[in-house]
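The values are calculated or read from the model by the stated rules, or taken from the named source; none is laboratory data. None of the values given here were measured: they were computed from a predicted structure. Cβ placement follows ideal geometry from the backbone for every residue including glycine, while neighbour counts extend to all protein chains displayed.
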Amino acid sequence: MPSHPKLAAEFVKNKDRAHWHDQSLWFVRSKRDKAAKQIPEWELLREQASKIKMFTVSHLPDLLEEFERNATARGVQVHWARNATEHNEIVHGLLKKHNVTRVVKSKSMLTEECHLNPYLERHGIEIIDTDLGERIVQMQNMPPSHIVMPAIHIKKEEIGELFHEQLGTEKGATDPQYLTEAARQHLRQKFIEAEAGITGVNFAIAETGGFVVCTNEGNADLGTSLNKLHIACMGIEKLIPRAGDLSVFLRLLARSATGQPITTYSSHFHGPAPGAEMHIVLLDNGRSEISGSDEFRRSLNCIRCAACMNTCPVYRRSGGYSYSNTVPGPIGSILGPAKDPKANSSLPFACSLCGSCTDVCPVKIDLHHQLLTWRKELRVKGLLPFSKRLSMKMMSWMMRMPGLYRFVGKMARSIVPYLPRFMLYNRLNDWGKQRELPIIPKQSFREWMKQNHDDK
């Protein structure tokens, strides 16, 4: 798997697109700030949400059993999957049992995590993503680049060309209303033809056995109402203990994600309709292992709002595909190494440690602290690149010798300002590919202090 720096370098080659991507996401971040400021009790809500999720993770086995009991009592059939393979086999088995060959799916990042779409397609089942953004990237045979705005990296001109080729829209059309209407007509036919509906789960309530799906397009409602088979796919961390807790998260989710007061549709499911079947697949896929980690347990608090991505200076400038994970950005840089430390060893370093992600997280995950911890973990596991290990050893050796440290600093201040540019900025200096060195001071801080604040 290519490292984040290599993939990011490919993304930023197109400076115009990188800048546009940066500004688009910052616009969403700005909307989040305005929405948060409209609620005087915003910080209280964040604190309450954090406590609820920490309680959930600490009591996860008991709450899962409670949810299963209550969901089963409502007529929902509950399935357990240890990993992505089991999840896909369960879903395929249910579809095969009902002779389903056409499925509509409302946005679910968990099914992206399990690569459900290609799995079902290999078994002759048509699966259509009905979220507009996800349908666009599906038509491109690409995964989402963002967990809330999956096609945020694609310009309207490119969408117009894609729709012209695949949906027969007018060539050169870029009007969003026109393109959206074309997609609506295309998807409406898919809804009518479908034989089953698959959704994700935003929140599941242990106390009631029900679950909630939040959308802005009503596609979850339409996909499940028109069909007799509804399969909901859920990570085990999506639980909350009580129905009363739901109001806290619904006030936080949309404001953090898109700056809306609330999602357009917050659909509550409490059992199948008469003559229909409702199934929910509970997926672990490494979540239990994370819940047992003192350092990284709080990453399971995540409600997938993507606020950390919208604010992250690295994500905004490097693009979602540079992370090579279903969930990119700061939270993905924590979850990725937890799943496969070797393959994702570069992700914790895709961070400036500015702490902006932690500041905006609605459930107060200490994201930048966890990323720093992962850097330490990777060093212990021996997964740092040789160049990084060597440079850090050299710096450690030099900084243990004050005299040498002062000498090297003095030489750098004397020589670096006069070096030709090609000696400072070349292929050996990765840091300098996108940055300029600061102005070199004429004296060190120690020298300045001695000169101006001598206590003799």
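In the stretch 184-222, which residue that is modelled with pLDDT of 95 or more and small (Gly, Ala, Ser) is farthest from PHE67 (Cα to Cα)?
ALA194
Only one residue in ARG32, ARG46 is in the same structural domain as SER345 (by TED's automatic domain parsing), of a type outside the set (Val, Ile, Thr) and closer than 28 Å to ILE236 by Cβ. Which one?
ARG32
Examine the stretch 166-188 for a residue that is surrounded by 20 or more Cβ atoms within 10 Å (Cβ to Cβ) and not in a helix (DSSP H, G or I), and state whether such a residue exists.
yes
Please determine, by comparing only the residues of the stretch 164-194 that are without any contact (Cβ under 8 Å) to a residue 40 or more places away in the chain and under 27 Å from the mean Cα position of the chain (by Cα), which one is nearest to SER318 (Cα to Cα).
So the residue we want is PRO176.
If only one of ARG304, ARG316, ARG287 is closer than 26 Å to VAL137 by Cβ and touching a strand residue (DSSP E or B) at 6+ places or on another chain (Cβ under 7 Å), which one is it?
On inspection, the qualifying residue turns out to be ARG287.
For the stretch 322-345, check the following and say yes or no: at least one residue is farther than 23 Å from PHE11 by Cβ, without any contact (Cβ under 8 Å) to a residue 60 or more places away in the chain and either in the same structural domain as ILE236 (by TED's automatic domain parsing) or of a type outside the set (D, E, K, R) (or both).
yes
How about the stretch 415-456: which of its residues are in contact (Cβ under 8 Å) with a residue 40 or more places away in the chain and closer than 28 Å to PHE349 by Cβ?
Residues satisfying the conditions are ASP430, LYS433, GLN434.
Could you figure out which of (1) assigned to a helix (DSSP H, G or I); (2) not aliphatic (A, V, I, L, M); (3) not assigned by TED's automatic domain parsing to the domain that holds THR85 isn't true of GLU295?
Of (1) assigned to a helix (DSSP H, G or I); (2) not aliphatic (A, V, I, L, M); (3) not assigned by TED's automatic domain parsing to the domain that holds THR85, only one is false for GLU295: (1).
What are the residues in the stretch 37-63 that are surrounded by 14 or more Cβ atoms within 10 Å (Cβ to Cβ), closer than 15 Å to ARG287 by Cα and within 24 Å of the chain's Cα centre (by Cα), if any?
Across the stretch 37-63, the qualifying residues are LYS53, MET54, THR56, VAL57, LEU60.
Can you name every one of the helices (runs of 4 or more DSSP H) wholly within the stretch 331-435 that holds 3 or more residues which are of a type in the set (Phe, Trp, Tyr), surrounded by 12 or more Cβ atoms within 10 Å (Cβ to Cβ) and at pLDDT 90 or above?
none
State which residue is nearest to the chain's Cα centre (by Cα) when the search covers only the stretch 261-270 and only residues that are farther than 17 Å from GLY75 by Cβ, assigned to a loop (DSSP other than H, G, I, E, B) and of a type outside the set (A, V, I, L, M, F, W, C).
THR263
Could you list all residues from the stretch 415-453 that are over 30 Å from PHE11 (Cα atoms) and among the acidic types (Asp, Glu)? Give the steps one after another, and end with the answer.
To start, the set of residues in the stretch 415-453 that are over 30 Å from PHE11 (Cα atoms) comprises 415-419, 440-453.
Result: GLU447, single match.
Name the one entry in THR85, THR72 that is part of a helix (DSSP H, G or I), in contact with a strand residue (DSSP E or B) (Cβ under 9 Å, 6 or more places away or on another chain) and among the hydroxyl-bearing types (Ser, Thr, Tyr).
THR72
Which members of the stretch 251-290 meet the condition of being modelled with pLDDT under 95 and among the aliphatic types (A, V, I, L, M)?
ILE262, ALA273
Any residue in the stretch 232-257 that's over 29 Å from VAL104 (Cβ atoms): show its pairings with residues that are of a type in the set (A, V, I, L, M) and at pLDDT below 95 at Cβ separation under 7 Å, as long as the two are six or more apart or on different chains.
Qualifying pairs under 7 Å: none.
Across the stretch 271-292, which residue is surrounded by the fewest Cβ atoms within 10 Å (Cβ to Cβ) among those that are outside any helix (DSSP H, G or I) and among the acidic types (Asp, Glu)?
Ranking the candidates gives GLU277 first.
Which of the residues spanning the stretch 436-447 are in a helix (DSSP H, G or I) and either under 46 Å from the mean Cα position of the chain (by Cα) or farther than 20 Å from MET411 by Cβ (or both)?
PHE445, ARG446 - these are the residues of the stretch 436-447 that are in a helix (DSSP H, G or I) and either under 46 Å from the mean Cα position of the chain (by Cα) or farther than 20 Å from MET411 by Cβ (or both).
Pick from GLU89, GLU41, GLU68: which is out of contact with any Cys (no Cβ under 8 Å at 6 or more places or on another chain) and closer than 30 Å to SER356 by Cα?
It is GLU41.
Residues are listed down the side, and each one gets a yes or a no for (1) under 17 Å from LEU300 (Cβ atoms); (2) not aliphatic (A, V, I, L, M):
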position: ASP33; (1), (2): no, yes
position: TRP42; (1), (2): no, yes
position: PHE55; (1), (2): yes, yes
position: PRO61; (1), (2): yes, yes
position: VAL78; (1), (2): no, no
position: ALA84; (1), (2): no, no
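Of all residues in the stretch 101-127, which are in contact with a strand residue (DSSP E or B) (Cβ under 6 Å, 6 or more places away or on another chain) and touching a residue at least 60 places away in the same chain (Cβ under 8 Å)?
ARG102, VAL103, VAL104, LYS105, SER106, SER108, LEU110, THR111, ILE127
Could you tell me which residue of the stretch 80-134 is nearest to GLY336 (Cα to Cα), considering only residues that are acidic (Asp, Glu) and crowded, with 17+ Cβ neighbours inside 10 Å?
If we take residues in the stretch 80-134 being acidic (Asp, Glu) and crowded, with 17+ Cβ neighbours inside 10 Å, then GLU113 is nearest to GLY336 (Cα to Cα).
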